[in-house]
Amino acid sequence: MSTRTADLLERAERVMPGGVSSPVRAYRAVGGAPPFIARGNGARVWDTFDREYIDLVCSWGPLIVGHAHPRVVEAIVSQAQLGTSYGAPSPREVELAELITEAVPSVEMLRFVSSGTEAAMSAVRLARAATGRDKILKFAGCYHGHADGLLAKAGSGVATFGLADSAGVTPGTARDTLTAQYNDLATVEEIARAVPLAAIIVEPYAGNMGCVPPEPGFLAGLRRICDSTGALLIFDEVITGFRLARGGAQALVDLRPDITCLGKVIGGGLPVGAYGASRSLMSRVAPLGPMYQAGTLSGNPLAMAAGVATLSLLDSSAYEALDHSGARLERGLTEAIRASGIDGCVQRAGSLLTLFFSSGPIRDDVDAARADRGSFAAFHRAMLSRGVMLPPSQLECWFVSLAHDDGVIDLVVRAAHDSLKEIVG
Ligand code: KE4
């Protein structure tokens, strides 16, 4: 069967909306047809024409050790030979759960699910079950998956497509989700004092409006507000968990949320999510308690094996290497922006970063929305033509892996210099 991209895209669009399994992959924000990827290895992927790209999407975060790492592949293959799913407890999920609870002290107990969306929606349900309250507060530009109640003013694909929220979310559902601006503690304080909140859910380092770090005091302020109003603090660490540090963003800022959402890295490229909290909170989750949540493939042995193999590669030297590569890329991109004279800035947190076509600082979704998306689209196309695959949206993070060594980073920087020169003209 033909694998030419044009045929593939046509065939895909006949049977899947936009020809994709997730909207942002359709390249609507940057134009052109998305390459269909046939294989990946290390820091690179190849499309169905065998064109090679340095990959800065890394499956939107999970591939922190690079594509097809031998240790991860071996773990998946050997598990697959023992079966792919049992619908029963298996040793692998105990192993991964122990690795996570050892690394993240605020998570004494967790439940595996199959996506970050499920993790966030279950965390919200747990907060409502524990507090008996209905309303939650999220931040504009933060994205916590596509559960109905979490799509209000969401980031990532929702913002990329300029949607206020999503069709199909009922006013009754939307009514229970309040929003504030990221980094705006005063408004949070006002809302939390006026409305009894079940939870405040936040990306501790925001990644879904591009990389937007918390300002000093913001997260500690949320912790204080939750403590004084009885709301639970949910850190959505689906991106930052095991990426910014082994203990996630909460380790960096030395704060304990009440509930943590995880995903991406803990599955090493296979579908995994998890939510966790103190033993007492998690004891409310069925079968121990009245909060119901379930999943056919939750704790899937293949995904558990990939997660265990991936986390086993993330020691302190790995985080030093990730930060080194992120910093090298940030320096190179900043120099390229200066040399080109464009209005731009780079914001970074460890191995997460975004080149914004806007002078910084980018503090929230309003600042992020000011970035010049047309210039980003032109830059994306120019980089793609030079063999560098960036996330196809200005409002996303670039992901660096352990496979992005100095040589790879320098090739990306070279391509950025040339691409910026090209779009400046
Ligand atoms: P998934 O359901 O896509 O596994 O996870 C949802 C989610 C939850 N929380 C955070 C902080 C997230 O970033 C995500 C998903 N991230 C996007 C990229 N920004 C996934 C890419 C996509 O939607 O295709």
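The values are calculated or read from the model by the stated rules, or taken from the named source; none is laboratory data. Since we're looking at a predicted model, the values are computed, not measured. Quick reminder, even Gly has a Cβ in these numbers, built from the backbone with ideal geometry, and neighbours come from all protein chains shown.
Just checking, which of Ile64, Ile76 is within 28 Å of Cys397 (Cα to Cα) and more than 16 Å from the ligand (Cβ to nearest atom)? Of the residues listed, the single one that is within 28 Å of Cys397 (Cα to Cα) and more than 16 Å from the ligand (Cβ to nearest atom) is Ile76. In the stretch 19-40, of all residues being surrounded by 16 or more Cβ atoms within 10 Å (Cβ to Cβ) and small (Gly, Ala, Ser), the one that is farthest from the ligand (Cβ to nearest atom) corresponds to Gly40.
For Tyr275, are the conditions met, namely being more than 16 Å from the ligand (Cβ to nearest atom), hydroxyl-bearing (Ser, Thr, Tyr) and under 29 Å from Lys135 (Cβ atoms)? Against the criterion (more than 16 Å from the ligand (Cβ to nearest atom), hydroxyl-bearing (Ser, Thr, Tyr) and under 29 Å from Lys135 (Cβ atoms)), Tyr275 does not qualify.
I need every pair where a residue in the stretch 280-306 that is of a type outside the set (A, V, I, L, M, F, W, C) has its Cβ under 8 Å from the Cβ of a residue that is at pLDDT below 95 and part of a strand (DSSP E or B), sequence separation at least 6 or different chains. As it stands, the answer is none, since no pair meets every condition given. Taken across the stretch 51-62, residues that are assigned to a helix (DSSP H, G or I) and surrounded by fewer than 17 Cβ atoms within 10 Å (Cβ to Cβ) do not occur at all.
Say whether the condition of being within 21 Å of Gly289 (Cα to Cα) and touching an Asp or Glu at 6+ places or on another chain (Cβ under 8 Å) is met by at least one residue in the stretch 161-172.
Looking for residues that are within 21 Å of Gly289 (Cα to Cα) and touching an Asp or Glu at 6+ places or on another chain (Cβ under 8 Å), one finds none in the stretch 161-172, hence no.
Are any residues in the stretch 251-271 surrounded by 24 or more Cβ atoms within 10 Å (Cβ to Cβ) and farther than 16 Å from Val73 by Cα, and if so, which ones?
Across the stretch 251-271, the qualifying residues are Pro257, Ile259, Thr260, Cys261, Leu262, Gly263, Lys264.
Evaluate the following for Val188: is it buried (at least 21 other Cβ atoms within 10 Å of the Cβ), more than 16 Å from the ligand (Cβ to nearest atom) and outside any loop (DSSP other than H, G, I, E, B)? Yes, satisfied. Only a single item in (1) surrounded by fewer than 17 Cβ atoms within 10 Å (Cβ to Cβ); (2) over 26 Å from Pro290 (Cβ atoms); (3) in contact (Cβ under 8 Å) with a residue 60 or more places away in the chain; (4) of a type outside the set (S, T, N, Q) is not met by Pro196, and it is number (2). Being loosely packed, with under 13 Cβ neighbours inside 10 Å, in a helix (DSSP H, G or I) and of a type outside the set (Asp, Glu) is a description that applies to Arg14.
For the stretch 110-124, the criterion of being within 16 Å of the ligand (Cβ to nearest atom) and assigned to a loop (DSSP other than H, G, I, E, B) is satisfied by at least one residue.
A single entry from Arg193, Arg133 fulfils the requirement of being in a helix (DSSP H, G or I) and either in contact with a strand residue (DSSP E or B) (Cβ under 8 Å, 6 or more places away or on another chain) or at pLDDT 95 or above (or both): Arg193. Taking every residue in the stretch 222-239 that is within 16 Å of the ligand (Cβ to nearest atom) and pairing it with any residue that is hydroxyl-bearing (Ser, Thr, Tyr), at least 6 positions away or on another chain, the pairs with Cβ-Cβ distances below 8 Å are Ile234/Thr260; Phe235/Thr260; Glu237/Thr260; Ile239/Tyr205.
Among residues of the stretch 161-189 that are modelled with pLDDT of 90 or more, those with a beta-carbon under 6 Å from a residue that is hydroxyl-bearing (Ser, Thr, Tyr) at least six positions away or on a different chain give the pairs Ala180/Thr187.
Only one of Leu110, Leu96 is out of contact with any strand residue (DSSP E or B) (no Cβ under 7 Å at 6 or more places or on another chain), within 30 Å of Ala294 (Cβ to Cβ), crowded, with 17+ Cβ neighbours inside 10 Å and of a type in the set (A, V, I, L, M, F, W, C); which?
Answer to the selection: Leu96.
For the stretch 299-324, a residue qualifies if it is part of a loop (DSSP other than H, G, I, E, B), crowded, with 21+ Cβ neighbours inside 10 Å and at negative phi, and exactly one does: Asn300. Counting only helices (runs of 4 or more DSSP H) wholly contained in the stretch 202-295, the ones carrying 1 or more residues that are within 30 Å of Ser359 (Cα to Cα) and modelled with pLDDT of 95 or more occupy 218-229, 249-252. Residues that are among the small types (Gly, Ala, Ser) and farther than 15 Å from Ser278 by Cα were ranked within the stretch 103-121; the one that is nearest to the chain's Cα centre (by Cα) is Gly116.
Of the residues making up the stretch 80-92, one or more are more than 16 Å from the ligand (Cβ to nearest atom), over 18 Å from Gly273 (Cα atoms) and without any contact (Cβ under 8 Å) to a residue 12 or more places away in the chain.
Results for (1) hydroxyl-bearing (Ser, Thr, Tyr); (2) modelled with pLDDT under 95; (3) within 16 Å of the ligand (Cβ to nearest atom); (4) touching a Cys at 6+ places or on another chain (Cβ under 6 Å), shown as yes or no for each residue.
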| residue | (1), (2), (3), (4) |
| --- | --- |
| Thr354 | yes, no, yes, yes |
| Phe357 | no, no, no, no |
| Arg363 | no, no, no, no |
| Arg370 | no, no, no, no |
| Leu395 | no, no, yes, no |
| Trp398 | no, no, yes, no |
| Leu402 | no, no, no, no |
| Asp405 | no, no, no, no |
| His417 | no, no, no, no |
